[in-house]
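Visitor: Sharing a structure, written as structure tokens. Questions coming.
The values are calculated or read from the model by the stated rules, or taken from the named source; none is laboratory data. Computed from a predicted model, the values in this text were never measured in an experiment. All Cβ positions, even for glycine, are placed from backbone atoms using ideal geometry, and neighbour counts span all protein chains on display. Heads up: the accessible areas ignore ligands, DNA and RNA and are worked out on the full protein's heavy atoms, side chains in. Shrake-Rupley method; radii C 1.70, N 1.55, O 1.52, S 1.80 Å.
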Amino acid sequence: MFWILISSLLVISLTAAYRSVRLLPWTIAMAVTLAGFAIFAAVSTLGIIILSVLLAAVAIPLNYKPLRRRWLSEPFLTLYRKMLPTLSDTEKVALEAGTVGWEGELFAGNPNWDTLLEQQWPDLTEDEQAFVDGPLETLCEMLKPWENAHELAGLPPEVWDFLKQHKFLGMIIPVEYGGLGFSAIAHRAVLQKISSVCPIAGTTVAVPNSLGPAELLVHYGTQEQKDYYLPRLANGKEIPCFGLTGPTAGSDATSIPDTGIVCKGKYKGKEVVGIRLNFDKRYITLAPVATIIGLAFRMFDPDGLLGDQQDLGISLALVPRETPGMEIGKSHLPLYVPFSNGPVRGKDVFVPLDALVGGVERAGEGWRMLIELLSVGRAITLPSSSTGGTKLCALSTGAYARIRKQFNLPIGRFEGVEEALARLAGHTYAVSALSRMTASAVDRGEKPAVPSAIAKYHATEMTRKVISDAMDVHGGKGIIMGPRNYLGRSWQGIPVWITVEGANILTRSMMIFGQGAIRCHPYVLQEMAAARLDDKSRSLKEFDRLLFGHIGYSIGNAVRSMLLGLSLARFAAVPSDRKTAKYYRKLTRYSAALAFASDVAMLTLGGKLKYKEHISGRLGDVLSQLYICSAMLKRFEMQGRPAADQPILAWAFHDAIYKIQTALASVVDNFPSPAIRVLLAVMIFPLGRLEKQPGDRLGHKVAQLLLSPSETRERLTSGVFVSASTENPIGLLEAALPRVIVMEPVERRLLKAQSAGELDPDNQQNQLEEAVSKALITDVEAKELKAVRAMVSEIIAVDEFEGSVLRMGVSQDTEASTERAA
């Protein structure tokens, strides 16, 4: 009976931990159980006394707060203050900026799936859909990727005029200021489609609608600034750029050497108080064609003209191109994807105080403004562009793999090619779901700091893999540049997208988990704030409350991680759909594992975790893959759970879950403390590492979905531009694909007849006439097969040039005409 009592107490404790029951209810439950066994069961009095004393020794100090604070919380608070990491001003602002959404549920270890499924999934309005079907389609027809990139190194005058006329540069500007006032979902749809045609045009449209003057003014500008600039930005009278990065300052804005000194000077013939700017910026997109330049700089007031504070901090200003001292440098050439990009420099550039974004009242708030808006822009721009790129690759590579034959067999039937096609389809599904999820978060009013970092990093990294697989399948067709090549420029440009808006190595190793661990954790940010309070008494009380909430949270996640691992999460509360319930269970299990591993890492490594980028990067990978899986399940649900899409969802999900296991296993295997390695292994992988990569049969099913027209293929690749003209390479592919499929039985009949000696194998030119004459095929079939073969010949053809045409240099006259067009 004594062991039954012990087992009962253990079950109560585990259940309380699993359910995150508070300390006092657990104490009461344990006491009632002891009393019940003492009264009603034959348990030795000595055993009851020993267990009661042990319970009292634990429960009384923990429940009696004055004692708990003095003997437990206060000593730990002293230690904790020593463990706190040193944060730069940049990091402090980054941690405080943005909002926490679904990623907070995942990080907390017990996600409420109803919260995800009930989230709004906004769609295009009628006006937005009309824009996508009208001006956007027209723009895509106007674009000539080879001409824009190789011959003009930019967009021609007629395209610039069209962009301005239809306010492509003012999508995010409210209607009352002359803009389109589009939602994030519409913004995503526009960038996705343009990027599937021409990276130069995609970048040109993306930048004015991302982090820059327009967005800064909408959120922080004075009314006077909004009234003047926003209508001019919306109709293209002003072309904006924004200068942040310099030769010696990239990700850490506190190291910006560019300065603005408050002083008196002449402006339009009058002496006014203003700012003398000195700066050196590079990699600034649209700088060569910009008319208004946004600048980030450190602002100083040495003479106290604005107050007592001399170092006012990072500030932002808008400076017209023609301002004396402003120098717009020559163009950079980013990997032969010649979108407008170049340096901006200035020496003793004097502007009045009203050039400050938001006026003098916003002086010193520049980095906060940038961080808050970067979380919005980064959630849309690069993920949307990546979605367009991956969808184009899936569409074109699937068609090409069916049309292109080797050994009289479509190359898409070879197992080696199937592997690439399966990866391509799965990653495209994931990227599309991820970009849709983050754009929807923006439309719900969130400022998704952590999801935007996840989306930027993983969308561009998966796109890199997709383009690599697409190039491998296309072979020689993909590497010969020219008007017929629809992949090569994206292959060249993907390192640019990897680098901009926060280099991917930095984003993964520092931002995703570095911000996520503190922003998403239900206690850490509050504990840090409590520890830094000047009022010692209040600091201790607040820290004590948070500390013991945190301890209960950590114990709960430890228990949940182990029990969910032992049971394969069969008893986790998840949506009941038979086909997807197992997916939700896995995510619930690994959410608890992430929460537990994160707490262990933060507790044992403290401030050193900031520098343990191997560990933080891998934990960030887990959080990222949990978020991506959530996005894919949300997409599947919102599209009505189409059964035909199940193989792609399954492949992408199992690929992500295997990555989660790999990341957690690497944390366990490489944790600095051997004892902690054992603890993590037992709690996270109690039955071992059971996840596997997607299997060959599943990969085969997925690959086949790309090889022929279907609703699944259409859903996977919807939103990219497909021209109705067969003069367009993608238009030709899509026009040829169904006709090639219809003619495949006819081709097989001819091959069979040729093998049987009924057709002359050396007389290919007249083979169709011979086949008709021998009644092997009909005249109608012969005519269609001839037309299809001509289409296939054009599809697999590559371009060739005279040597002089291959000269990549752009004349000064051509460059000047491009700038005039802008």
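Visitor: Here is a check on your reading of the model: is LYS608 assigned to a helix (DSSP H, G or I), of a type in the set (D, E, K, R) and in contact with a helix residue (DSSP H, G or I) (Cβ under 7 Å, 6 or more places away or on another chain)? Steps first, please.
Guide: Details: assigned to a helix (DSSP H, G or I): yes; of a type in the set (D, E, K, R): yes; in contact with a helix residue (DSSP H, G or I) (Cβ under 7 Å, 6 or more places away or on another chain): no.
No; evaluated as a whole, the condition is false for this residue.
Visitor: Search the stretch 580-598 for residues being open to solvent by 10 Å² or more (accessible area, probe 1.4 Å) and touching a helix residue (DSSP H, G or I) at 6+ places or on another chain (Cβ under 6 Å), and hand back the single one that is farthest from ASP655 (Cα to Cα).
Guide: Among those residues, the one meeting the criterion is PHE596.
Visitor: Which residue is least open to solvent (accessible area, probe 1.4 Å), if the candidates are limited to the stretch 611-631 and must be assigned to a helix (DSSP H, G or I) and more than 28 Å from LEU116 (Cβ to Cβ)? Steps first, answer last, please.
Guide: Within the stretch 611-631, the subset assigned to a helix (DSSP H, G or I) is 611, 613-631.
Now narrow it down to the ones that are more than 28 Å from LEU116 (Cβ to Cβ): 611, 613-614.
On the way: TYR611: 159, GLU613: 75, HIS614: 139 Å².
This residue is GLU613.
Visitor: Would you confirm whether or not the stretch 378-386 contains a residue that is in contact with a strand residue (DSSP E or B) (Cβ under 8 Å, 6 or more places away or on another chain) and under 30 Å from TYR486 (Cα atoms)?
Guide: Here is the first cut: in the stretch 378-386, the ones in contact with a strand residue (DSSP E or B) (Cβ under 8 Å, 6 or more places away or on another chain) are 379.
Applying the additional criterion that residues be under 30 Å from TYR486 (Cα atoms) yields 379.
Yes, there is a match, as at least one residue in the stretch 378-386 is in contact with a strand residue (DSSP E or B) (Cβ under 8 Å, 6 or more places away or on another chain) and under 30 Å from TYR486 (Cα atoms).
Visitor: Restricted to the stretch 469-490, and to residues that are hydrophobic (A, V, I, L, M, F, W, C) and surrounded by fewer than 19 Cβ atoms within 10 Å (Cβ to Cβ), which residue is farthest from GLU727 (Cα to Cα)? I'd like the intermediate steps shown before the answer.
Guide: Step one: filter the stretch 469-490 for residues hydrophobic (A, V, I, L, M, F, W, C), giving 470-471, 473, 479-481, 487.
Among the residues that remain, those that are also surrounded by fewer than 19 Cβ atoms within 10 Å (Cβ to Cβ) are: 479-480.
On the way: ILE479: 20, ILE480: 18 Å.
Restricting to residues being hydrophobic (A, V, I, L, M, F, W, C) and surrounded by fewer than 19 Cβ atoms within 10 Å (Cβ to Cβ), the top hit is ILE479.
Conditions (1) crowded, with 18+ Cβ neighbours inside 10 Å; (2) among the β-branched types (Val, Ile, Thr); (3) in a helix (DSSP H, G or I), marked per residue:
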| residue | (1), (2), (3) |
| --- | --- |
| LEU5 | yes, no, yes |
| THR15 | no, yes, yes |
| PRO25 | no, no, yes |
| MET30 | yes, no, yes |
| ILE39 | no, yes, yes |
| ALA42 | no, no, no |
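Visitor: Could you check how many residues of the stretch 338-364 are within 33 Å of the chain's Cα centre (by Cα), charged (D, E, K, R) and farther than 23 Å from GLY307 by Cβ?
Guide: Number satisfying all stated conditions: 1.
Visitor: In addition: If you check THR507 against the conditions, is it within 15 Å of GLY388 (Cα to Cα), of a type in the set (Ser, Thr, Tyr) and assigned to a helix (DSSP H, G or I)? It would help to see each step written out before you state the result.
Guide: Values: within 15 Å of GLY388 (Cα to Cα): no; of a type in the set (Ser, Thr, Tyr): yes; assigned to a helix (DSSP H, G or I): yes.
No, not satisfied.
Visitor: Counting only residues that are open to solvent by less than 70 Å² (accessible area, probe 1.4 Å) and closer than 27 Å to MET511 by Cβ, how many does the stretch 101-127 have?
Guide: 16
Yes or no, residue by residue, for (1) more than 28 Å from TRP497 (Cβ to Cβ); (2) open to solvent by less than 10 Å² (accessible area, probe 1.4 Å):
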| position | (1), (2) |
| --- | --- |
| VAL207 | no, no |
| VAL218 | no, no |
| GLU224 | yes, no |
| LYS237 | yes, no |
| CYS241 | no, yes |
| THR245 | no, no |
| ALA249 | no, yes |
| VAL272 | yes, no |
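Visitor: Condition first: of a type outside the set (Phe, Trp, Tyr) and crowded, with 24+ Cβ neighbours inside 10 Å. Now tell me which residues in the stretch 633-652 satisfy that. First the steps, then the outcome.
Guide: As a first pass, look at the stretch 633-652 and keep what is of a type outside the set (Phe, Trp, Tyr): 633-635, 637-650, 652.
If the condition is that a residue be of a type outside the set (Phe, Trp, Tyr) and crowded, with 24+ Cβ neighbours inside 10 Å, then ILE648, LEU649, ALA652 are the ones that fit.
Visitor: While we're looking at this one, here's another question. Applying the selection to the stretch 765-816, what residues are out of contact with any Lys or Arg (no Cβ under 9 Å at 6 or more places or on another chain), at pLDDT below 90 and either crowded, with 16+ Cβ neighbours inside 10 Å or basic (Lys, Arg) (or both)?
Guide: GLN767, ARG807, VAL810
Visitor: Checking PRO61 against (1) touching a residue at least 12 places away in the same chain (Cβ under 8 Å); (2) in contact with a Phe, Trp or Tyr (Cβ under 9 Å, 6 or more places away or on another chain), only one condition comes out false. Which one?
Guide: Among (1) touching a residue at least 12 places away in the same chain (Cβ under 8 Å); (2) in contact with a Phe, Trp or Tyr (Cβ under 9 Å, 6 or more places away or on another chain), the lone unmet condition for PRO61 is (1).
Visitor: Give the stretch 351-368 a look and list any residue that's more than 20 Å from TYR228 (Cα to Cα), at pLDDT 90 or above and either surrounded by fewer than 24 Cβ atoms within 10 Å (Cβ to Cβ) or of a type in the set (D, E, K, R) (or both), or say none.
Guide: GLY364, GLU365
Visitor: Kindly indicate which of PHE279, PHE300 is among the aromatic types (Phe, Trp, Tyr), open to solvent by 30 Å² or more (accessible area, probe 1.4 Å) and in contact (Cβ under 8 Å) with a residue 12 or more places away in the chain.
Guide: Numbers: PHE279 fails: open to solvent by 30 Å² or more (accessible area, probe 1.4 Å).
Every option except PHE300 fails the conditions.
Visitor: Here's something else I'd like to know. Which residue, of PRO522, PRO451, is within 30 Å of ASP599 (Cβ to Cβ) and touching an Asp or Glu at 6+ places or on another chain (Cβ under 9 Å)?
Guide: Working: PRO522 fails: touching an Asp or Glu at 6+ places or on another chain (Cβ under 9 Å).
Matching residue, one of PRO522, PRO451: PRO451.
Visitor: In the stretch 709-764, which residue that is touching a residue at least 60 places away in the same chain (Cβ under 8 Å) and of a type in the set (Lys, Arg) is least open to solvent (accessible area, probe 1.4 Å)?
Guide: Filtering the stretch 709-764 for residues that are touching a residue at least 60 places away in the same chain (Cβ under 8 Å) and of a type in the set (Lys, Arg), the one least open to solvent (accessible area, probe 1.4 Å) comes out as ARG713.
Visitor: Assess whether THR507 counts as being in contact (Cβ under 8 Å) with a residue 40 or more places away in the chain, over 28 Å from TYR611 (Cα atoms) and open to solvent by less than 60 Å² (accessible area, probe 1.4 Å).
Guide: no
Visitor: Return the total of residues in the stretch 512-530 being without any contact (Cβ under 8 Å) to a residue 60 or more places away in the chain and assigned to a helix (DSSP H, G or I). Even if it seems obvious, please write down each step before you answer.
Guide: At the first step, the residues of the stretch 512-530 found to be without any contact (Cβ under 8 Å) to a residue 60 or more places away in the chain are 523, 526, 529-530.
Filter once more, so that each one left must be assigned to a helix (DSSP H, G or I): 526, 529-530.
Number of matching residues: 3.
Visitor: Under 6 Å by Cβ, and 6 or more places apart or on different chains, what pairs join a residue from the stretch 233-245 that is closer than 17 Å to GLY221 by Cβ with one that is open to solvent by 10 Å² or more (accessible area, probe 1.4 Å) and hydroxyl-bearing (Ser, Thr, Tyr)?
Guide: Filtered contacts from the stretch 233-245: GLU238/THR291.
Visitor: Go through the residues of the stretch 486-494 one by one and say whether even a single one is in a helix (DSSP H, G or I) and among the hydrophobic types (A, V, I, L, M, F, W, C). Full working, then the answer.
Guide: Within the stretch 486-494, the subset in a helix (DSSP H, G or I) is 488-494.
Filter once more, keeping what is among the hydrophobic types (A, V, I, L, M, F, W, C): 491, 494.
Yes.
Visitor: Here are ILE371, ILE403, ILE411: which of them is surrounded by fewer than 24 Cβ atoms within 10 Å (Cβ to Cβ) and touching a Pro at 6+ places or on another chain (Cβ under 8 Å)? It would help to see each step written out before you state the result.
Guide: Numbers: ILE371 fails: touching a Pro at 6+ places or on another chain (Cβ under 8 Å); ILE411 fails: touching a Pro at 6+ places or on another chain (Cβ under 8 Å).
Answer to the check: ILE403.
Visitor: A further question follows. I'm told ARG68 meets every condition in (1) at pLDDT below 90; (2) of a type in the set (D, E, K, R); (3) more than 30 Å from GLY377 (Cα to Cα) except one. Can you identify the failing condition by its number?
Guide: (1)
Visitor: Identify the single condition in (1) of a type outside the set (A, V, I, L, M); (2) under 30 Å from TYR336 (Cα atoms); (3) touching a residue at least 60 places away in the same chain (Cβ under 8 Å); (4) surrounded by fewer than 19 Cβ atoms within 10 Å (Cβ to Cβ) that SER452 does not satisfy, given that it satisfies every other one.
Guide: (4)
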